[in-house]
1. Which order, highest average first, do 310-319, 349-358, 88-97, 255-264 follow once you tally other Cβ atoms within 10 Å for each residue and take the mean per peptide?
2. Amide H of Thr148: which non-local residues (sequence gap of 5 or more, or other chain) have their own amide H closer than 5 Å, using H built in the peptide plane?
3. Give, to the nearest whole percent, the P(r) tail of the stretch 103-149 beyond 16 angstrom, counting all Cα pairs.
4. With each label point set 7 Å from Cα along the Cα-Cβ vector, what nm distance links Ala299 and Lys370?
5. Whole number in Å², please: accessible area per residue of the stretch 170-224, 1.4 Å probe, ligands, DNA and RNA not counted.
6. Output the relative contact order of the stretch 242-394, whole-number percent, from Cα pairs under 8 angstrom with separation of 6+ residues.
7. Apply the Karplus parameterisation 6.51 cos²θ - 1.76 cosθ + 1.60, with θ equal to phi minus 60°, to every residue of the stretch 368-374 and state each ³J(HN,Hα) to the nearest whole Hz, in sequence, with x for glycine and proline.
8. Direction-averaged shadow area of the convex hull around the Cα atoms of the stretch 58-181, nm²?
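The values are calculated or read from the model by the stated rules, or taken from the named source; none is laboratory data. Since the structure is predicted, the reported quantities are computational estimates derived from the model, not experimental observations. Neighbour counts are summed over all protein chains in view; Cβ atoms, including those assigned to glycine, are modelled from backbone coordinates with ideal geometry. Areas reflect the complete protein model, heavy atoms only, side chains present, ligands, DNA and RNA absent. Shrake-Rupley method; radii C 1.70, N 1.55, O 1.52, S 1.80 Å.
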Amino acid sequence: MLSHYSLAPATRIASSEFRRFAILAGDKGHPMSVQASTLDLDPSLVTANAWRSRTIAVILMIAIAGIFWVDSRYPALFKRYHAGTQVKAAGALTFGAVYQVDRTMPLSTRAWRTTLNWLDANRVGMTFSFLFGPAALTFLATLRRRRTNSIYLNTLFGAAVGMPLAVCTNCVAPIARGLYASGMSTESVLAAMFASPALNVVVLAMTFALFPVSIAVLKLATVLFLVFVFAPVVASRRSKSAPSIICPIEVPDSGTWSHALASTIRSFLKSFWYVFRVAFPLMILAAVLGALVIELLPAQALIAQVTIGGILLVALVGAFLPVHMAFDVAVAYIAMIKGVPLPYVVTILSTLGIVSVFSLSVVGKTISWKLAAATYATVAALGTLAGLLTRALF
């Protein structure tokens, strides 16, 4: 199988199969409904001299990721893993809480405080994603191709990219926007989005440590279905009708290191604005909507007799809420030890954290609203099925 991932200089590709990536006229923030097979840059823009800009872009990505992973994300994940059965969640959507929320407070006060708690908990992860996404777009724009001829190999590549990122479904959304704009395939982008919050090795270890093996395997099965069945299937259906657009940035060749540094910085800033102008407003909206939904839920909503309608409702809410990394595992475990019926626990575990209103809205604005709706419906359906299987078998 011939792989098209290459550092070779770009050449003009005449085939229409490789000329399907262009920003919609006017760039007014309308949703992009297409994915290109490759990024078709003019040969005058990417030549052999682009290796300098490529090197600088790689160094930038390594610096951003290294600081985040070493200083923040992995220490936090290992701390939660080592907490084991003592893991706690102080906020409705977050592990910690800057502002205390009490059920006696008015709804508006509770929603506002929960929103602020969410923004505070995600400030580091979101800073990383708003920097790393543009850096990845800048780097990938220097490559000739970013996919193979196999939709399943593309999916595997996306999953391999997403697993070590160690960012939640919310923080991976701006990164996914950058990856998609660079010319990566739809299946690669979706696989990366699913794999980052759910297939990270520390999160998987937490899942198998806190839950019976049968429940952990059931959760893993739903994630693998999303990555290796849903992502390639929906991508293959979209590829035949995708219209064509242009890469949002250009990376000109550079004869000297100073020119390469200047052009890379300009490309990064342009990439940053491309990601930020859409993702940041959606992030604020998602924080408000998530806080409002969680605060509207009755305090004893899950302490009730298990019904099919109840499982479906839990699945719909779980796939909507924008929660922190590994928060799904912690909340499901806390619910289980507090006596919440197991079908509800499994439904929470299978839906919470894999997608959210934020990640889905970024998919809608960047790729397709139909794809975003299909993703939400599929995650909710898988969670409902997992809950029903648990109800029947346990």
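1. Numbers: 310-319: 22.2, 349-358: 28.5, 88-97: 18.5, 255-264: 15.3.
For the peptides 310-319, 349-358, 88-97, 255-264, the packing ranking is 349-358, 310-319, 88-97, 255-264.
2. Answer set, sorted by chain and number: His4, Asn154.
3. Numbers: 668 of 1081 pairs.
Distances greater than 16 Å cover 62 percent of the Cα pairs.
4. It works out to 4.6 nm between the two label points.
5. Working: 1040 Å² over 55 residues.
On a per-residue basis, 19 Å².
6. Relative contact order of the stretch 242-394: 24 percent.
7. 6, 5, 5, 5, 4, 5, 5
8. Values: hull surface 40.2 nm².
Result: 10.0 nm².
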